[in-house]
Structure formats: structure tokens, C-alpha cells
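Colleague: Quick one: structure below, then a few questions.
The values are calculated or read from the model by the stated rules, or taken from the named source; none is laboratory data. Quantities reported herein were computed from a predicted structural model and do not represent experimental measurements. Here the Cβ is made from the backbone with ideal geometry for all residues, glycine too, and neighbour counts use every protein chain on show.
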């Protein structure tokens with residue numbers, strides 16, 4: 001007998017922690033997607049959440065820790081009715097303040113297409129809410145996505 005969650009309205013929380021190693025980021029992506037699917041997010045929404053989490057962790061490792069391994073990154077996920085919230089917590093350098101506009105380039109000149117600068121812009125476009133603050137030498141990046149729970153057969 002398959003017994004799912006007894007109270008769908010209950011808030012469920014989980015924390016993951018990785019080292020600031022790019023090789024560990026894929027593990028977070030797989031875990032985030034699996035958790036999203038477990039909590040009835042549609043496949044495309046689960047992928048969007050995974051993409052945003054992976055992109056922002058990559059940014060922490062590349063820009064905050066400058067590829068230095070041995071630094072913790074904590075991922076806190078909170079599932080509520082129709083909403084998933086993800087908080088990334090790290091001790092890296094503070095995120096520089098910027099307006100997160102789309103990178104500028106000439107669409108007629110593909111050579112001018114920038115390789116970087118899309119990550120936070122994409123996250124701002126995909127997620128319903130993105131907040132950042134720094135407190136006690138820690139960065140807190142909060143991302144939230146609303147969803148309609150997908151009905152499962154069975």
C-alpha cells in the first residue's frame with residue numbers, strides 16, 4: 001500500500017550541503033529535481049528550479065569562492081502548498097550589486113554574444129521571487145517558485 005504524505009498542506013523542509021567544488025554541483029541538481037518531482041511539481045517547473053539552483057551555485061563557486069574548494073554551500077529547500085523556496089547560504093565574497101539586466105549584444109553579430117552574464121538574469125526571469133542579503137559574513141540568496149501541483153495517476 002502506497003501512503004503518500006498525509007497532510008499535503010504541511011510545510012516540508014530539507015537541507016543539503018556541498019563543498020565548493022564544481023563536480024558536486026550536479027549532485028545538487030539531481031537532488032533538487034528529484035525533490036521537486038516528489039512534491040508534485042510538473043517536469044518543466046522542476047527543471048526550471050533545478051536550473052536556477054545549479055546556476056546560482058556555479059556563480060557562488062566561480063565568483064564568490066573563485067574556484068577554491070573546501071568551502072561549504074548550504075541549500076535549504078522549503079515546500080509549501082503551491083510554492084517551493086530555495087535558500088543558498090555561503091561564506092563567499094559578497095555578491096556585487098547590479099541591476100541584472102539582459103546582457104547587451106548585437107544580434108546581427110554572433111561574435112559579440114557574451115559568454116557570461118546571463119545566469120542571474122535568467123534566474124530573475126524564471127523564478128517568481130529572488131532576494132539577496134548578507135548577514136554575519138554569510139550570503140543568503142532566496143529563490144521562490146509558485147506551482148500548481150501536478151496530479152499523479154494512482
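Colleague: Is there a residue in the range 91-100 that is assigned to a strand (DSSP E or B), under 19 Å from the mean Cα position of the chain (by Cα), surrounded by 16 or more Cβ atoms within 10 Å (Cβ to Cβ) and at pLDDT 95 or above?
Modeller: Checking the range 91-100: not a single residue is assigned to a strand (DSSP E or B), under 19 Å from the mean Cα position of the chain (by Cα), surrounded by 16 or more Cβ atoms within 10 Å (Cβ to Cβ) and at pLDDT 95 or above.
Colleague: In the range 121-148, which residue that is surrounded by 14 or more Cβ atoms within 10 Å (Cβ to Cβ) and out of contact with any strand residue (DSSP E or B) (no Cβ under 8 Å at 6 or more places or on another chain) is modelled with the lowest pLDDT?
Modeller: Per the stated criteria, the residue is 121.
Colleague: For the subset of the range 54-71 comprising residues that are under 22 Å from residue 127 (Cα atoms) and out of contact with any strand residue (DSSP E or B) (no Cβ under 7 Å at 6 or more places or on another chain), which member is surrounded by the fewest Cβ atoms within 10 Å (Cβ to Cβ)? Steps first, please.
Modeller: Pass one, the range 54-71, residues under 22 Å from residue 127 (Cα atoms): 54-64.
Then drop every residue that is not out of contact with any strand residue (DSSP E or B) (no Cβ under 7 Å at 6 or more places or on another chain), which leaves 54-55, 58-59, 61-63.
On the way: 54: 18, 55: 17, 58: 13, 59: 18, 61: 24, 62: 15, 63: 15.
Ranking the qualifying residues of the range 54-71, first place goes to 58.
Colleague: Given the options 22, 27, name the one that is in contact with a helix residue (DSSP H, G or I) (Cβ under 7 Å, 6 or more places away or on another chain), farther than 21 Å from residue 128 by Cβ and surrounded by fewer than 17 Cβ atoms within 10 Å (Cβ to Cβ).
Modeller: Result of the check over 22, 27: 22.
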